[in-house]
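Reading through the C-alpha cells given below for one structure.
The values are calculated or read from the model by the stated rules, or taken from the named source; none is laboratory data. Everything numeric here is computed off the predicted structure, so don't read it as measured data. Positions of Cβ are generated from backbone atoms using ideal geometry, with glycine treated the same way; all protein chains shown enter the neighbour counts. To get the accessible areas, we keep the full protein, side chains included, count just its heavy atoms, and leave off ligands, DNA and RNA. Shrake-Rupley method; radii C 1.70, N 1.55, O 1.52, S 1.80 Å.
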Amino acid sequence: MTDFTDDAPQPAPAARRKWRPAMLWLFAGFAVFAYTFDQLTKLWVTSTMTEGERIPVLPPLLHWYYIRNSGAAFSIGENVTWIFTIVMAVVSVAILFQLRRLGSAWWALSLGLLLGGALGNLTDRLFREPSFAMGHVVDFIQLPNFAIFNIADSAVVSGVVIICLLTLRGIGMDGTRQTSAPKPSGGERPANDAKPAGGSTGEPAGE
C-alpha cells in the first residue's frame, strides 16, 4: 500500500508557504477534473439514452441504466431534495474555507474530488427538471445488488475514504503528521522511579 508520508524531515513553515500555491493548483485540478468528467458523462447519457433505458456494458457486472434521482448519493432520501441542495452548497463553501490550511498533496486530492463531486450533483439540483433547487440528479452506473450512481457520487465517496485514511494515520491538512511521545521499553524504568542502592526507601546501603 502506498504510504502517505516519507521519513524525510518535515519542511519548515517558510517552505510550506512556498508549497501552498502548488497544493491549491493540485486541488483545483482534481476538482475541475471530477466536475467536468461528471457533467460530460451526464450530457452523454441524457443525449444518447432515454430515461429507464438499460445498456449492458460488462454483463452481469456493469450496466448503464439511466434514471433521475431526487435523493442524495445512491438514491438516499428521495423525498427531501431541497435539503440535499442546501447540504451540498454548505459543504462546497466549507471546503473552500479550509484551503488556507492546505499543505498536503493527498488532502488536495481528497478535497478536490469532494468539491468536484458535490458541485457536479449541485449543478443538477439547481438547473435540471423539475425546478430550480429541486432538480433530479442523473444516475446511470449500475452494479449488481447496489444502488445506481454517477461519477459525482464516486468522486465524493473516494474523497471521503481518503480523508478517513489520512485522519487515521494522523496526517493533518497542512501536511504535518501527529506522533505520540515515545514510550520506554518494557525492561526500562524511568530514572525517577529507581530505588536507592540499599533496597527499600530510607534504608542505608549495606556495609
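Worth a mention:
- Leading residue by the ranking (surrounded by the most Cβ atoms within 10 Å (Cβ to Cβ)) among those in region 37-73 that are in contact (Cβ under 8 Å) with a residue 60 or more places away in the chain, of a type outside the set (Lys, Arg) and assigned to a helix (DSSP H, G or I): ASP38
- Check on PHE132, more than 23 Å from GLY29 (Cα to Cα) and either assigned to a loop (DSSP other than H, G, I, E, B) or at pLDDT below 95 (or both): yes
- In region 33-80, the qualifying residues are those that are touching a helix residue (DSSP H, G or I) at 6+ places or on another chain (Cβ under 7 Å) and aliphatic (A, V, I, L, M), and the one that is modelled with the lowest pLDDT is ALA73.
Okay, residues lined up against (1) more than 20 Å from the chain's Cα centre (by Cα); (2) hydrophobic (A, V, I, L, M, F, W, C):
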residue: LEU111; (1), (2): no, yes
residue: LEU114; (1), (2): no, yes
residue: ALA118; (1), (2): no, yes
residue: ARG125; (1), (2): yes, no
residue: ARG128; (1), (2): yes, no
residue: PHE132; (1), (2): yes, yes
residue: GLY135; (1), (2): yes, no
residue: VAL138; (1), (2): yes, yes
residue: ILE141; (1), (2): yes, yes
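- In region 102-135, the residues that are crowded, with 19+ Cβ neighbours inside 10 Å and over 19 Å from SER158 (Cα atoms): GLY103, ASP124, ARG125, GLY135
- Screening ARG20 against (1) open to solvent by 60 Å² or more (accessible area, probe 1.4 Å); (2) at pLDDT 90 or above; (3) among the basic types (Lys, Arg) leaves a single unmet condition, (2).
- ILE141 vs. criteria hydrophobic (A, V, I, L, M, F, W, C) and either modelled with pLDDT of 95 or more or more than 27 Å from PHE37 (Cβ to Cβ) (or both): yes
- Against the conditions (1) in contact with a strand residue (DSSP E or B) (Cβ under 9 Å, 6 or more places away or on another chain); (2) open to solvent by 30 Å² or more (accessible area, probe 1.4 Å); (3) under 30 Å from GLU53 (Cβ atoms), LEU165 satisfies every one except (3).
- So LEU96, is it at pLDDT 95 or above, open to solvent by 40 Å² or more (accessible area, probe 1.4 Å) and outside any loop (DSSP other than H, G, I, E, B): no
- Residues of region 144-162 that are more than 13 Å from LEU113 (Cβ to Cβ), open to solvent by less than 40 Å² (accessible area, probe 1.4 Å) and at pLDDT 90 or above: ILE148, PHE149, ASN150.
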